[in-house]
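Here the structure comes first, spelled out in structure tokens, and everything after it is commentary.
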Amino acid sequence: MYDVMILGSGPAGLSAAVYASRAGLSFAVIEKDYMGTGQIVYTEQVDNYLGYFGIGGFSLGEKFREHAEALGTEFIEGEVTELSRTDSGWKILLSDGNNVESKTVIYALGASPKKLGISGEEEFSGRGVSYCAICDGAFFEGKTVAVIGGGDTALGDALYLSKTAEKVYIIHRRNELRANASLVKKAEETENIQFVPESVPLEIIGAESVTGIKYTQKGTEKNMNTDGVFVAVGSLPNTSLLSGIADLDNRGYIIADENCITSADGLFAAGDVRTKVVRQVITAAADGANAVVSALDYINK
């Protein structure tokens, strides 16, 4: 039986691995994707992680993993399908039928992209509809694309796409953007980016692939010709495993404060899955450290 089982190999999980190693705990990291480093790999450039200004998201994720590996972290590849309490801790069942047991669990499974829920979105997924500009942007060189959203991710995607696409539209619901001021300024100064404010997508249209999008702007229905639609409207926490196990808020996030302690005995939440004001790489890494400190205190008691 392990002292700590860390679910997820994003910044929160890898940070937890570093601190668990330094605390002398027996632990392992369960990751769904081989050599995973979390959603940070989808970020073209990170300007706000202390000490690594301008680093690519993939490169930063690799550094996190290399750090954890250098401290002897054990990685178990597999998808967690069930969590259950035992007399001595937790039992974690994997999709391949294997299971592991641990005194404590640090739940750091992050979040997944939120969908628009409009007609054509599922139909054209992979045929013009994407949730990752860095993954699919190269397919739209010299073409017209629309980015849906008004936060940091949406503007970051638009700026990335503007380097190769002929035209980039940013469709967002409000008149004002939620993204940080520096991203907004960069987007405003980019000639081939055009904002489409106070607009709500209605339908993605096409034949073999996407050819356009229907939307309303200030109550008026309009059509836009576009070769691709990049959805960046937020994320949903990957907490379905915890239904009936730990307290979640009305959006599905695990209720836990800075100490990462949840309502379930011996279960700790770290990263984007827990209730918090700021969801950034640096706060996820901090959660990983705090979760291990709380887990160690729990074990000692």
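Summary table
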{"read-out": "Cut-off 14 Å between beta-carbons: net charge of the residues surrounding residue 182, Lys and Arg +1, Asp and Glu -1", "value": "-1"}
{"read-out": "Region 1-141: radius of gyration and largest Cα-Cα distance (Dmax), Å", "value": "17.6, 57"}
{"read-out": "Region 61-137-region 151-204 distance, computed between alpha-carbon centres (Å)", "value": "29"}
{"read-out": "Region 52-146: chymotrypsin sites (Phe, Trp or Tyr not before Pro) in DSSP loop, at most 14 other beta carbons within 10 Å", "value": "52, 53"}
{"read-out": "For the chain, alpha-carbon Rg relative to the globular expectation (2.2 N^0.38 Å, N residues)", "value": "1.08"}
{"read-out": "Spacing of the two label points (7 Å from each Cα toward its C-beta) at residue 143 and residue 236, in nm", "value": "2.6"}
{"read-out": "Qualifying trypsin sites (Lys or Arg not before Pro) in region 120-194, DSSP loop, other Cβ atoms within 10 Å at most 10", "value": "174"}
{"read-out": "Sequence-distant residues sharing a close amide H with residue 79 (under 5 Å, placed H)", "value": "95, 96"}
{"read-out": "Neighbour net charge for residue 169 - beta-carbon separation under 13 angstrom, K R +1, D E -1", "value": "0"}
{"read-out": "Of the DSSP H helices in the chain, those whose Cα atoms cover at least 27 Å axially and whose Kyte score averages -0.5 or more", "value": "281-300"}
{"read-out": "Cα-projected label distance for residue 70 with residue 88, points at 7 Å along beta-carbon direction, nm", "value": "3.5"}
{"read-out": "Gaussian network model of the chain, Cα within-10 Å springs - most flexible of 104, 220, 164", "value": "220"}
{"read-out": "Restraint check, 32/301; 32/214; 114/276; 63/115; 167/218; 32/114, Cα-Cα greater than 27 Å", "value": "32/301; 32/214; 63/115"}
{"read-out": "Förster radius 35 Å - calculated FRET efficiency between residue 188 and residue 225 (Cβ-Cβ, nearest 0.05)", "value": "0.90"}
{"read-out": "Most mobile of 228, 13, 244 in a GNM of the chain (Cα contacts under 10 Å)", "value": "244"}
{"read-out": "Backbone N within region 198-219 under 12 Å of label point (7 Å from residue 119 Cα along the Cβ vector)", "value": "202-206, 214-215"}
{"read-out": "Under 12 Å from the residue 180 label point (7 Å along Cα→beta-carbon), backbone N, region 258-287", "value": "279-283"}
{"read-out": "FRET E, pair residue 250, residue 63, Förster distance 30 Å, beta-carbon r, rounded to 0.05", "value": "0.25"}
{"read-out": "Highest-MSF residue in the chain out of 277, 145, 168 [GNM, Cα springs under 10 Å]", "value": "277"}
{"read-out": "Formal net charge of residues neighbouring residue 204 (Cβ-Cβ distance under 12 Å; K, R +1; D, E -1)", "value": "-2"}
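We did not get these values from a lab; they are worked out from the coordinates using the rules stated. Owing to the predicted nature of the structure, the values given are computational and were not obtained by experimental measurement. So basically every Cβ, Gly included, is an ideal-geometry build from the backbone, and we count neighbours across all protein chains shown.
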